[in-house]
Every structure is written in structure tokens, then in C-alpha cells.
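These notes concern the structure reproduced below.
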Amino acid sequence: MSQPTIILAMSSYSDFASAIKSHLEYHNFNVTFIDSTSEKLKKQIDANFHYPSLKTHLIHSARKIFLSDYSYKSHLKEQIYNQKLQENIQSTLGNNLYDYTLVIRPDLFSLPTLKLLKNHTKLKFVGYQWNGIKRFPKTLPTVDLFDRFFVFDPTDLNNPEYSQYHLSGISNFYFDMYQPQAVPHTGLIAYFVGLHVDSRIAAIETCANALIQNGVNLNFNIKFRPSEANKAALYSCRQIQFIPENITFENNLQHVNTADILIDIVNPIHNGLSFRIFEALYYQKKLITNNPQIKHYDFYHPNNIFIWKQAEDLEQIANFLKKTLVKIKSDIVQKYSFASWIKHILD
């Protein structure tokens, strides 16, 4: 049986890209990776930047002096980046046609670049926005280019502002190439990892303190953007750790295997289910979340998943921790695997 060919086009900013590529290969795809955010290319452009013409230099100077607008130079660099990226993609793809193309976060590509990728696709050109569209409105002009376009936030499907677009809903997934391997330990461990968001501080601390009061050991990890490093002082709970780098995909799975409880604190800019929720399902861990959307999914069981909205709700954590974890039917668990996910979106 010949391998289906696929272009995977997404950002390499986190190692999710390498995990998805590995899982596509695990499921018998021949993968060509296209990076939407090539740091190497950006550094080359920064190092060799010059204004394309005297006119562009004068425009930049005038906007800076009279309007205090310093964005024009960045705009020029973005144009150069998009052009160079197109050239690199054309060089990589040559005259080849690929069975499928999967673009994750299409807002990170220019429209001409997306059209180039589509021209190299034989069967299905598929887009997936794994963040809310409202957060990344540049997504909308790309939707009609795709044969199929998926969003993970259910509220995007019901938003009247997007009714003219052909959007399909799908959740995130768990990576099925790895097998759960519980790590022996003493006491209960609750695991959380996330990027700092101002509006999540109160929820994270409220949850953390409720767990501490119930004798649960915390493995809470917060990553700051470089410009926000000083915001660590906003957290008062001393058991929360601040990490200088993103936790790698492999290390994340080690933490998941060790934990008894996974913590999901919803980002208020969207309502979709995070990867942490599907890890809890696959690795058979209890889950504590403040995302009420989870109640509408077929894997929800109150013994396994505790949903809270207000601080007072967390007073019931002690009862939740005493409940026996209920095993979810294997066909339901399989439904949220990467294998099922990729099969569905590629039709």
C-alpha cells in the first residue's frame, strides 16, 4: 500500500509541529513540513534589511516623525518575509503534487502563499484554526480557499458574524502514538502548565489554594512572555513555579504520567476544549476545569471531571477526590485520538 502524501503547514514555534509530523508518519503519511514562522528566515531578513526604494525610506521617516508610527518598517519586513517564504516553498515543493495539505493557523500565511500550497494539492486542502477566530480575525479571509475548514471553538460555529463562511466543528485530540505509563508516587499530584494570561491569575490561584487545602501536591507551571517576566510578582501562591522555557512535548507527557489530576483553566478568549482535557481522557486522570462546555461531551462523567465556576464551587473538591475514577468506553476514547481526528478532517 502506497503512502499518502501530505503537506503539513504550521508554525514551528512550539514542538507541537514535530509531534503532529511524527504522528502523521506513524499513521503512514509521507510528510512535507512547511514552517509559517521560520526564525531562520526572519533573522536573515533582519540582518540584510534595506529599504526597497528611496520612496519607502521616506514614507517610513515621515510616518515616524509626524505620526509617531514605527510600524511601516515592520510592514515592509513582513512583505519581504512573505515573498521569501513563497520562494522557499516553491523550491521545496517543485513540480510535485501532494494528496493532502493541512494548514494549522492559516492566519499566519499570506493569501498568495496559501494559494501556492493549494496549487500543489490533489485531493483535499484543509484548514484548522485551533484558536478562537475572534482572537485571530485574519483567519476569515482565508476560509473560502479551503475545501474543508475546521474550528475548535463551538461558539465560532454559532456566531452570526461568521454565518457566511463554511465552518465545521471539531475538537482537539490526544496523541495516540504514546502509551500511558503511570509513574508510582506518594500523595496526590495535580498538574497544570500554561502561558501567563492576566485574566487567568485569579482562577489559577483560587484552584491552587483549594487543592493545597485538601492535601494535594501542586505541579503548577507558568511560562511568561519575555515582555511580561515582571508579572511573576502578581502570583501570591508560593507553590506555583515559573518556568523560563516552554515544557517540551516529551516532558509534558512525563508530567501527565506522574499526575493524578490534570488542571485546565480556560483562556477567556475562546471556549474550545484544550489538549489537557483529552490527555486526561486518554491517560485516565481526574480533571478539574472551569470550562463548562465539557459537560456537553460524551466522555463527561462527574466522577472524573470537576467543573467549577465560582470559588465557592471548589469547596466540593474533597468529595470529588474521594470518588472512584470511572473508565470511559474504549470506542468513546478512540473517537478523540489523533488517528480518528486526521481521518475525519481529511474525509
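Worth a mention:
Condition check ((1) assigned to a strand (DSSP E or B); (2) more than 16 Å from the chain's Cα centre (by Cα)) across all residues:
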site	(1), (2)
89	no, yes
118	no, yes
122	yes, yes
125	yes, yes
131	no, no
135	no, no
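- Search result, residues across the range 6-23 that are within 18 Å of residue 343 (Cα to Cα) and either polar (S, T, N, Q) or open to solvent by 10 Å² or more (accessible area, probe 1.4 Å) (or both): 21, 22
- No other residue among 102, 76, 188, 117 is without any contact (Cβ under 8 Å) to a residue 60 or more places away in the chain and either touching a helix residue (DSSP H, G or I) at 6+ places or on another chain (Cβ under 8 Å) or over 21 Å from residue 21 (Cβ atoms) (or both) apart from 76.
- Number of residues in the range 95-146 that are modelled with pLDDT under 95, out of contact with any Ser or Thr (no Cβ under 6 Å at 6 or more places or on another chain) and more than 18 Å from residue 13 (Cβ to Cβ): the value is 2.
- Scanning the range 29-50 for residues that are over 18 Å from residue 85 (Cβ atoms) and either loosely packed, with under 14 Cβ neighbours inside 10 Å or of a type outside the set (Phe, Trp, Tyr) (or both) yields 30, 31, 50.
- The residues of the range 141-155 that are part of a helix (DSSP H, G or I) and touching a residue at least 40 places away in the same chain (Cβ under 8 Å), listed by number, are 154, 155.
- Among residues of the range 156-178 being part of a loop (DSSP other than H, G, I, E, B) and aliphatic (A, V, I, L, M), the one that is most open to solvent (accessible area, probe 1.4 Å) is 177.
- For the range 267-300, filtering for residues that are assigned to a helix (DSSP H, G or I) and in contact with a helix residue (DSSP H, G or I) (Cβ under 7 Å, 6 or more places away or on another chain) leaves 6.
- Against the test of being of a type in the set (S, T, N, Q) and either closer than 20 Å to residue 7 by Cα or surrounded by 14 or more Cβ atoms within 10 Å (Cβ to Cβ) (or both), the options 61, 53, 71, 91 yield a single qualifying residue, 91.
- Candidates are the residues of the range 301-341 that are part of a helix (DSSP H, G or I) and aliphatic (A, V, I, L, M); the one that is most open to solvent (accessible area, probe 1.4 Å) is 311.
- Check on residue 26, open to solvent by 70 Å² or more (accessible area, probe 1.4 Å) and under 16 Å from the mean Cα position of the chain (by Cα): no
Per-residue answers, yes or no, for (1) of a type in the set (A, V, I, L, M, F, W, C); (2) within 18 Å of residue 153 (Cβ to Cβ):
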{"position": "272", "(1), (2)": "no, yes"}
{"position": "282", "(1), (2)": "no, no"}
{"position": "286", "(1), (2)": "no, no"}
{"position": "299", "(1), (2)": "yes, no"}
{"position": "306", "(1), (2)": "yes, no"}
{"position": "312", "(1), (2)": "no, no"}
{"position": "320", "(1), (2)": "yes, no"}
{"position": "329", "(1), (2)": "no, no"}
{"position": "336", "(1), (2)": "no, yes"}
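- Against the numbered list (1) farther than 20 Å from residue 267 by Cβ; (2) at pLDDT 95 or above; (3) hydrophobic (A, V, I, L, M, F, W, C), residue 182 comes up short only at (2).
- Residue selected from the range 111-138 under the condition in contact with a Leu (Cβ under 8 Å, 6 or more places away or on another chain) and among the polar types (S, T, N, Q), by the criterion most open to solvent (accessible area, probe 1.4 Å): 121
The values are calculated or read from the model by the stated rules, or taken from the named source; none is laboratory data. The structure presented is a predicted model; accordingly, all values stated were derived computationally and were not measured. Positions of Cβ are generated from backbone atoms using ideal geometry, with glycine treated the same way; all protein chains shown enter the neighbour counts. For accessibility, only protein heavy atoms count, side chains too; no ligands or nucleic acids. Shrake-Rupley method; radii C 1.70, N 1.55, O 1.52, S 1.80 Å.
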